[in-house]
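Data block below; observations after.
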2 protein chains.
Amino acid sequence: MWEQTEMDLVESEVVVVGGGYAGLAAALRLHDAGVDFTLVEAADRVGGRVLTEIRADGVTLDHGGQWVGPTQTHLLALADRFGCATFPTWETGKHVEVWHDGGTVPYLGAAPADGPGIAEYTRVSEVLDELARTVDTQQPWRTTRFAEWDAQTAESFFRAQTDDPDARRRLALAVQGLWCAEPYEISLFHVLFYIAAAGGYEQLMETRDCAQDSRFVTGAAGPARAVAGLLGGGVRLGEQAQSIEYDEGGVRVRTASTVFEARRAIVALPPQAVRTIRFTPGLPVSRDGWLSHSPMGRVAKVHAVYDAPFWRAAGLSGVATLYDDGPVGVVFDNSPDDASRGVLVGFVYGDRVTDWSDLDDARRRAAVLESFTTVVGQRAARPLDYTEKIWSRDTFARGGYEAYVTPGGWTGYGRRGWREPTGTVHWAGTETASVWNGYIDGAISSGLRAADEVVSTLSSHAEG
Amino acid sequence: MWEQTEMDLVESEVVVVGGGYAGLAAALRLHDAGVDFTLVEAADRVGGRVLTEIRADGVTLDHGGQWVGPTQTHLLALADRFGCATFPTWETGKHVEVWHDGGTVPYLGAAPADGPGIAEYTRVSEVLDELARTVDTQQPWRTTRFAEWDAQTAESFFRAQTDDPDARRRLALAVQGLWCAEPYEISLFHVLFYIAAAGGYEQLMETRDCAQDSRFVTGAAGPARAVAGLLGGGVRLGEQAQSIEYDEGGVRVRTASTVFEARRAIVALPPQAVRTIRFTPGLPVSRDGWLSHSPMGRVAKVHAVYDAPFWRAAGLSGVATLYDDGPVGVVFDNSPDDASRGVLVGFVYGDRVTDWSDLDDARRRAAVLESFTTVVGQRAARPLDYTEKIWSRDTFARGGYEAYVTPGGWTGYGRRGWREPTGTVHWAGTETASVWNGYIDGAISSGLRAADEVVSTLSSHAEG
């Protein structure tokens with residue numbers, strides 16, 4: 001057996017590693033600033049953890065990030081530049097809560113007024129908001145009670161706050177929904193930082209005027225595809241960075257077939273993808289330790305397509321939260337704006353995904369459709385189309401939506417490991433954002449920030 | 001540029017990935033059972049995190065694991081089989097404690113009777129021992145207070161136990177010394193599990209009749225080299241596993257130049273090294289999540305060699321614990337048994353290693369030698385030889401001594417992700433041991449256990 005490989009050499013001022021929203025935003029800013037760059041992306045598409053698919057029957061599905069809210073100004077500006085329109089997330093009708101005893105509670109409005117544990121849940125979430133207001137999102141280590149909060153899990157905090165088991169179930173589902181993690185594995189400080197970065201707990205949790213406000217007509221990958229179209233040959237797909245050599249003189253990014261040489265690199269990958277690259281010299285202890293305290297959330301996103309959003313006629317919104325033993329934690333109506341089809345999306349996250357993902361195809365599907373029928377009735381059992389994206393098994397992202405930080409990660413490694421450049425290597429990715437960390441919007445601002453770092457370094461060198 | 005690679009194909013019944021003590025023990029058991037195997041090791045030597053070097057002047061230094069204690073029966077049996085002799089760790093004379101105010105406290109015996117915070121420290125360590133006695137080391141998730149303890153850090157527990165800052169300093173140094181981590185980042189349950197796996201806190205902390213009891217005349221790699229010598233051509237050095245494909249029919253382990261095919265694989269690597277391998281199909285969420293909640297400790301081991309162990313004449317043992325701002329936390333007399341040279345070894349771990357490891361060579365050395373002079377006097381400032389091993393920057397191990405578990409790691413992933421085989425892939429490594437987890441002894445027993453799993457599977461297939 002002989003394998004022959006021609007190694008190409010590509011030179012540019014800056015090499016951007018990763019073609020998700022962070023890398024694309026960085027490349028676009030370099031393009032706008034007239035800086036020569038090359039972007040390398042391992043997959044055969046751009047978008048990263050945003051993945052829009054048009055199914056055989058024409059329905060557009062977002063397997064990854066999908067929403068945009070009014071304070072997500074970086075994403076809105078990008079969409080506006082490329083003329084990508086949005087429409088409001090459907091939430092008309094009664095929402096449903098499914099409880100662990102099998103009972104269902106329909107309700108109108110943003111939150112049930114008197115569901116089990118709701119008063120205690122609301123009180124604790126207000127405490128979270130109050131503590132989050134003290135977080136310094138630019139220099140988190142300057143937060144007054146930083147070390148104390150980072151040395152405990154969200155679970156420790158919830159246990160200390162309330163004995164109400166239903167309030168604790170609500171808090172656990174919130175942690176699943178926001179970080180695809182369980183309260184027992186996430187740093188309380190990271191929870192507070194993330195709430196602060198979004199502008200408050202309500203911004204994270206609610207739909208109208210909040211993080212889940214609107215969707216893109218093109219799917220959420222529309223702006224990403226538009227950026228890639230504009231950048232043209234500067235974007236190289238199917239090029240997975242295997243190693244990065246860096247020193248004061250520049251960087252060399254090697255893929256299976258090509259060496260990309262540049263003066264600076266912007267690495268815009270999820271933390272666990274960064275760890276698959278061999279760096280020479282090895283990354284500093286602070287950066288490596290930060291990455292190894294940043295596991296990816298566990299999540300799958302599942303869609304079922306029906307001939308119509310039949311639940312609407314029954315007065316249901318299709319929005320549901322489930323506290324039972326099924327795999328799905330939250331359901332949304334993900335139908336197209338014209339309601340030409342009915343689409344339910346389910347989120348399987350945290351502990352829910354672990355055993356479910358090991359089932360065979362038929363059992364996984366049956367379990368999800370059982371969750372859907374609990375919410376909108378028996379018609380949900382026979383969709384026209386059914387599809388899953390198990391992000392925890394995605395070759396490149398290795399989880400989703402984003403990485404969270406385990407206790408002590410911020411304390412031990414944050415100050416120098418979070419996003420401080422490592423010599424000629426700069427770091428982007430939504431995990432490095434101070435505003436809407438974990439969201440598409442944070443990815444974009446992180447790319448712009450990293451590009452600005454590079455541009456200012458290159459121009460100061462040029463002047464010097 | 002053209003790169004040409006001839007891909008060799010090597011077939012055997014079992015492929016063992018990793019040539020540390022775990023992989024070597026597995027291969028030796030397969031050899032003894034007459035099972036055809038190949039062991040692939042990425043480095044150009046065996047031993048993994050045990051690394052013995054003979055310096056230019058003839059002094060033997062252990063850069064990695066070095067000690068053996070009387071209850072470490074797997075290591076003792078292996079050493080005995082190959083005639084590797086041991087000698088007692090030197091601890092005659094007064095030990096020294098160096099405090100953060102710069103004061104030094106010499107004392108005789110295993111622990112100072114009345115140092116700062118000693119009573120509170122002793123009380124809390126006894127509580128740890130008491131809780132550890134309830135841990136089920138074979139099926140840790142069956143421990144009564146499992147979820148409660150795993151949802152908190154050691155730091156939360158220490159804060160709840162005592163307000164005494166000096167007791168907390170002692171506890172922090174103990175955590176550094178045992179896990180190369182800080183109390184704020186390690187699961188309390190993991191701490192208790194590990195104490196239980198060693199047979200108690202004293203076994204971990206003390207020298208005579210405990211974990212630090214003796215050293216090997218050949219250095220701790222002596223038995224490893226002997227095993228490799230016996231296994232001969234079955235051990236392939238310089239072969240780094242890049243990908244592993246596995247299904248019911250068998251496994252294919254690919255390195256840069258060779259494909260190793262077998263019916264079963266035993267992967268005997270530290271958790272973060274496992275994560276650099278591409279598995280097809282992807283690892284289950286439970287196993288991947290376990291690995292991503294198992295960061296490596298941060299540690300460097302530094303040696304200074306002198307013409308003689310001059311501190312002994314001054315009545316000092318060379319053993320010290322340091323609570324000051326220097327890089328070194330603990331010092332031992334690591335001289336050869338015949339005292340033909342004087343050798344001090346220093347451990348730089350946890351937070352101490354992070355900034356220190358970013359200094360240039362001269363500053364790192366100066367800081368360490370300042371720690372040594374604080375302990376044994378000014379003569380320590382001018383060694384004949386000085387050498388460091390920064391394990392956190394080791395290409396393969398990526399840290400040391402071992403991986404610890406972050407909060408929630410055991411709860412979320414332990415039951416199925418800790419060491420349960422993944423199809424035809426079996427897991428070894430000291431992190432998978434129930435006895436002396438984290439030690440050479442645990443590595444060996446883990447390799448034997450994994451080999452037994454494989455042998456019993458192969459023979460039941462042969463019968464079937």
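The values are calculated or read from the model by the stated rules, or taken from the named source; none is laboratory data. Because the structure is predicted, anything quoted here is derived from the model rather than measured. With ideal geometry, Cβ positions are generated from the backbone for all residues, glycine too; neighbour counts draw on all protein chains shown. Accessible surface is based on the protein model in full, side chains and every heavy atom, while ligands, DNA and RNA are left aside. Shrake-Rupley method; radii C 1.70, N 1.55, O 1.52, S 1.80 Å.
So that you can scan it fast, the table gives a plain yes or no per residue for (1) modelled with pLDDT of 95 or more; (2) assigned by TED's automatic domain parsing to the domain that holds B:G329:
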| site | (1), (2) |
| --- | --- |
| B:S12 | yes, no |
| B:R29 | yes, no |
| B:V35 | yes, no |
| B:A43 | yes, no |
| B:D57 | no, yes |
| B:T60 | yes, yes |
| B:R81 | yes, no |
| B:G103 | no, no |
| B:L108 | no, no |
Inset, instruction - Within region B:112-122, count every residue that is under 24 Å from B:F193 (Cβ atoms) and without any contact (Cβ under 8 Å) to a residue 24 or more places away in the chain. - result: 1
Inset, instruction - Please enumerate the residues belonging to region B:400-435 that are charged (D, E, K, R), away from chain A (no Cβ under 12 Å) and over 19 Å from B:L178 (Cβ atoms). - result: B:R419
Inset, instruction - Being of a type in the set (G, A, S) and touching a residue at least 24 places away in the same chain (Cβ under 8 Å) is the filter; apply it to region B:341-386 and report the residue that is nearest to B:A56 (Cα to Cα). - result: B:G342
Inset, instruction - Give the residues of region B:192-225 that are out of contact with any helix residue (DSSP H, G or I) (no Cβ under 8 Å at 6 or more places or on another chain) and among the small types (G, A, S), sorted by residue number. - result: B:G199, B:S214, B:G219, B:A221
Legend entry - Residue within region A:188-200 that is within 12 Å of chain B (Cβ to nearest Cβ), surrounded by 23 or more Cβ atoms within 10 Å (Cβ to Cβ), under 23 Å from A:T137 (Cα atoms) and touching a His at 6+ places or on another chain (Cβ under 9 Å) present: no
Inset, instruction - Looking at (1) buried (at least 20 other Cβ atoms within 10 Å of the Cβ); (2) farther than 30 Å from B:V259 by Cβ, find the lone condition where A:P70 falls short. - result: (1)
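Could you tell me whether region B:325-344 includes any residue that is within 14 Å of chain A (Cβ to nearest Cβ), buried (at least 18 other Cβ atoms within 10 Å of the Cβ), within 26 Å of B:L78 (Cα to Cα) and of a type outside the set (K, R)?
no
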Legend entry - All positions within region A:312-324 that are open to solvent by 10 Å² or more (accessible area, probe 1.4 Å) and among the hydrophobic types (A, V, I, L, M, F, W, C): A:A313, A:A314, A:L316, A:V319
Inset, instruction - Find the strands (runs of 3 or more DSSP E) located wholly in region A:1-65 whose residues include 1 or more that are in contact with a Ser or Thr (Cβ under 8 Å, 6 or more places away or on another chain) and within 14 Å of chain B (Cβ to nearest Cβ), and list them. - result: A:2-6, A:8-11
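For region A:104-190, which helices (runs of 4 or more DSSP H) that fit wholly inside it have 2 or more residues that are under 19 Å from A:T321 (Cα atoms)?
The qualifying helices (runs of 4 or more DSSP H) are A:118-132, A:165-179.
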Legend entry - Residue tally, condition open to solvent by less than 30 Å² (accessible area, probe 1.4 Å), within 14 Å of chain A (Cβ to nearest Cβ) and on the phi > 0 side of the Ramachandran plot, over region B:351-399: 1
Legend entry - Hits in region B:315-337 - residues which are part of a loop (DSSP other than H, G, I, E, B) and touching a strand residue (DSSP E or B) at 6+ places or on another chain (Cβ under 9 Å): B:G315, B:Y323, B:D324, B:G326, B:P327, B:V328, B:G329, B:N334, B:S335, B:P336, B:D337
Legend entry - Condition met for B:A224 (in a helix (DSSP H, G or I), among the aliphatic types (A, V, I, L, M) and touching a Gly at 6+ places or on another chain (Cβ under 6 Å)): yes
Legend entry - Segments classed as helices (runs of 4 or more DSSP H), wholly inside region A:351-464, with at least 1 members that are at pLDDT 95 or above, over 30 Å from A:A79 (Cβ atoms) and of a type in the set (K, R): A:351-356, A:361-376
